[in-house]
1. Given ALA171, ALA175, ALA186, ALA126, which one is in contact with a Gly (Cβ under 8 Å, 6 or more places away or on another chain), of a type in the set (A, V, I, L, M), open to solvent by less than 40 Å² (accessible area, probe 1.4 Å) and within 27 Å of THR231 (Cα to Cα)?
2. How many residues are within 18 Å of the chain's Cα centre (by Cα), part of a loop (DSSP other than H, G, I, E, B) and buried (at least 17 other Cβ atoms within 10 Å of the Cβ) when one looks only at segment 199-249?
3. Please find, among ALA6, ALA26, ALA48, the residue that is of a type in the set (Gly, Ala, Ser), at pLDDT below 85 and either open to solvent by 60 Å² or more (accessible area, probe 1.4 Å) or in contact with a strand residue (DSSP E or B) (Cβ under 6 Å, 6 or more places away or on another chain) (or both).
4. Do we have THR113 as part of a loop (DSSP other than H, G, I, E, B), β-branched (Val, Ile, Thr) and either over 19 Å from the mean Cα position of the chain (by Cα) or surrounded by 19 or more Cβ atoms within 10 Å (Cβ to Cβ) (or both) here?
5. Name every residue in segment 54-90 that is in a helix (DSSP H, G or I) and surrounded by fewer than 21 Cβ atoms within 10 Å (Cβ to Cβ), in order of residue number.
6. State whether one or more residues within segment 91-110 are open to solvent by 10 Å² or more (accessible area, probe 1.4 Å), within 15 Å of the chain's Cα centre (by Cα) and under 27 Å from GLN151 (Cα atoms).
Amino acid sequence: MSPHTALAADREPPAGYAEFARYAFAPNELGYCGPDDGDVLLRGGSPAELARYAREFDGAWPYLEAIADAAGLSDPLDADVVTSYWIGGGLLSAVDPDVLLSRLRSAFAGQVTGLLDELEPGQALAHHSFHVFAVYPWVRFLGGDPTKPVQVMQDCRVRWGTVRSVDDDHAVLSAQPLTFAGGVLALGAPAEDRVRWRRDGASLAPAPIVGQTISAHWNWACGALSTDQATALAAATSRVLDLINAARA
């Protein structure tokens, strides 16, 4: 059994729980969100452990609840819910953007945010990229030297790319980076993007394969994407960028 599936079969978490762990580990490792001892996300934990950890991600959890409620699902870690939040897909269309805005403004009341309080009705999407570009405050710093805020938002968004090479612990992708020019956030021409896929023998997903399309979050590879998933991620990211650029205009 490979390191990323090192749990005994009777302790392997449901698909949504495991997928949440794959995408949540990188920012948790960096200390940006979630509880301490995030190695449970990398090396595996029981469903109960992962559910407890997930609820402590106060950035992601309101979105997962919103998607689950809109879809009539009882578990915010349902696989379709988790995929919709991190990658995109059909369940996003079920979430009323105005209800979502109200919910997020309540959840993050008192915190310094980006454009959350300035968005117009209809300008919201229950996708991780919306949290990166609208809720995190980095978008407010684009008026000065944009280098740092653009890099942070680039790293924080879930991105996709084609694997060009793989070594012992890292992979090099060809992926579109976030750019900022003429006052507009956009995705640029493909460039090299080096990410970790394994640490000390443990990985979030199977080893990347050259030519494969995979996702990445911060400095970690999170797993292979189907053509439909890559398309959904690109579509959700593009939609959010359009919302943000319109709000900043």
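The values are calculated or read from the model by the stated rules, or taken from the named source; none is laboratory data. This one's a predicted model, so the numbers in the text were calculated from it and none came from an experiment. A quick note on method: Cβ atoms are made from the backbone with ideal geometry, for glycine too, and the neighbour counts reach across all protein chains shown. Only protein heavy atoms, including side chains, enter the accessible area calculation; ligands, DNA and RNA are left aside. Shrake-Rupley method; radii C 1.70, N 1.55, O 1.52, S 1.80 Å.
1. Criteria check complete, one pass: ALA175.
2. 5
3. The match here is ALA6.
4. yes
5. Within segment 54-90, ARG55, TRP61, PRO62, GLU65, ASP69, ALA70, ALA71, ALA79, ASP80, GLY90 qualify.
6. yes
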